[in-house]
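Report on one structure; see the data block that follows.
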Amino acid sequence: MTTDVLAPLRKNPVATRKLIVFACFVVTAVTLVPVVMMVLVAFQSDAESMAVRPSFWPSSWHPENLTRAFDLVPLGRYLVNTVIFAAGTTLLEVVTAALAAYAFARLQFPGRTWLFGIYLATLMIPSQVTLIPQFVLVAKLQGIDTWPGMILPHAFTALGVFLLRQFFLGIPRDYEEAARLDGANRWQAFIRVIVPLAVPAIATLAVFKFIGQWNNLLWPLVISNSDATRTAAVGLQVFQDTNGTQWNLLLMAATITTVPLIVLFFLTQRWFVKGITMSGLGGR
C-alpha cells in the first residue's frame, strides 16, 4: 500500500498556495543575495573591499567608483561592442529561426521529420566541441577580430527553430487559408498573419538570445584581439588582469554590465512570460 504524501496539500489549497509562495520567496532571496552583495561592495573604498574580514555593507559610500571604473578600462566601448554583438546575433537568429520554423511547421517536403530530428540532435553537441573547428573556419575566412567573425557563427541555433516551430504548430491553419483565399501568397501569409501572431514567441527567443550573447565569454575571448570588438564579458577579464584584485572597482564594472539586462527583462517581461506559456516550454 502506497502513501500519497501530497494528499494533505491537495485537500488544503490555501496551505498549498502559501507553501508555493514561501518557496518562491526563498529561491528569489537566494538568487538576489549575490547581486545585492555585488552592488554593496561596488560602493566600498579600496581598503574596505580588500580587507581580510570584509564587511559587505559600506561604512561610507563611494559613488566615484563609477567614474574610476570607466577610467581604468574603456568600459563604454566594451558596452557598445556588446550591444552590437548581442543585437546582431539576436536579429539574425530571429529571422533565420522564424523562416526555418515555418518551413518545418507548415511546408511538406521529403525527409522533413528526419531533417528536423537531425537538426535537434545538434543541441546535444557541447559548444566546446565545435569551438576549434569554428575558430579554424573563421580564421581561414579572415574573420578574426571582425564583426562578421564574431556574429555569424552564433546567429543560427536549433533551439530557436524548435521554440518557434512549437508555437507555429499551435496557430490554426484557418488563418493562413483565409489569407490565401484573399489572394495572399505563402510569403505574404507568413509575414502578415503568422509573424504578428507569433510576436510573444519571437520576443521570448529574442530575450533568450540577447541575454545569452550579452553574457557570452568564450567565443568573444577567442575571436577578439582588440578593444574594437572586445565585449563587456571579456572586458571584465581584462579589467582584472590589468588592475589586479580591486574588488570594488571590478564589481562596479560588473554592476554596470548587469544593469542593461535587468532593464531589458522588465521591459519585455510581459512578452517573455506569454511566450514561455504559449510556445511549449511552459509545460503545455
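The table below lists the values:
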| read-out | value |
| --- | --- |
| Nearest-10 value in Å² for the accessible area of THR67, using the 1.4 Å probe | 80 Å² |
| Normalised contact order of region 74-238, rounded percent, pairs of Cα under 8 Å and 6 or more residues apart | 45 percent |
| Heavy atoms of VAL193 accessible to a 1.4 Å probe, total area in Å² rounded to 10 | 30 Å² |
| Folded to 0 to 90 degrees: helix 127-140 orientation relative to the chain principal axis, Cα | 90 degrees |
| Extended-chain gain in nm, criterion 0.36 nm per residue less alpha-carbon gap, ALA178 and THR16 | 53.8 nm |
| PHE266 versus THR242: modelled label distance in nm, points set 7 Å from Cα along the beta carbon direction | 3.1 nm |
| Crossing angle, helix 13-42 versus the chain [Cα axis fit, 0-90 degrees, rounded to tens] | 50 degrees |
| Selection from THR16, MET150, THR90, by position along the positive dipole direction of region 1-159 (Cβ) | THR16 |
| Ordering of 231-237, 185-191, 166-172 by packing [mean C-beta count within 10 Å, highest first] | 231-237, 166-172, 185-191 |
| Net charge dipole size for region 1-158 [Lys, Arg +1 and Asp, Glu -1 on Cβ; Debye, nearest 20] | 740 debye |
| Gain upon complete extension [TRP187, PHE25; 0.36 nm per residue less C-alpha separation] | 53.7 nm |
| Sequence-separation-based contact order of the chain, relative, with Cα cut under 8 Å and 6+ spacing, percent | 30 percent |
| Label corresponding to mean projected area of the Cα convex hull in nm² when calculated from the structure given, among (i) 25.3; (ii) 21.4; (iii) 23.5 | (iii) |
| Net charge of neighbours whose Cβ lies under 15 Å from the Cβ of PRO172, counting Lys and Arg as +1 and Asp and Glu as -1 | 0 |
| Cα-centred dipole magnitude for region 174-276, charges only on beta-carbon of K, R (+1) and D, E (-1), debye, nearest 20 | 80 debye |
| Sites TRP61 and VAL33, calculated FRET efficiency, Cβ-Cβ separation with R0 25 Å, nearest 0.05 | 0.80 |
| Using alpha-carbon coordinates, inclination of helix 112-121 to the longest axis of the chain, degrees | 10 degrees |
| Karplus 3J(HN,Hα) series, Hz, for region 66-78 with 6.51 cos²θ - 1.76 cosθ + 1.60 (x for Gly, Pro) | 4, 6, 5, 5, 5, 6, 6, 9, x, 5, x, 5, 4 |
| Ranked by how many other beta carbons lie within 10 Å on average, peptides 202-210, 113-121 from highest | 202-210, 113-121 |
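The values are calculated or read from the model by the stated rules, or taken from the named source; none is laboratory data. Nothing here was measured: the structure is a model prediction, and the numbers come from that model. Glycine gets a Cβ as well: all are built from the backbone with ideal geometry, and neighbour counts include every protein chain shown. Protein only, heavy atoms only, side chains kept; ligands, DNA and RNA dropped before computing areas. Shrake-Rupley method; radii C 1.70, N 1.55, O 1.52, S 1.80 Å.
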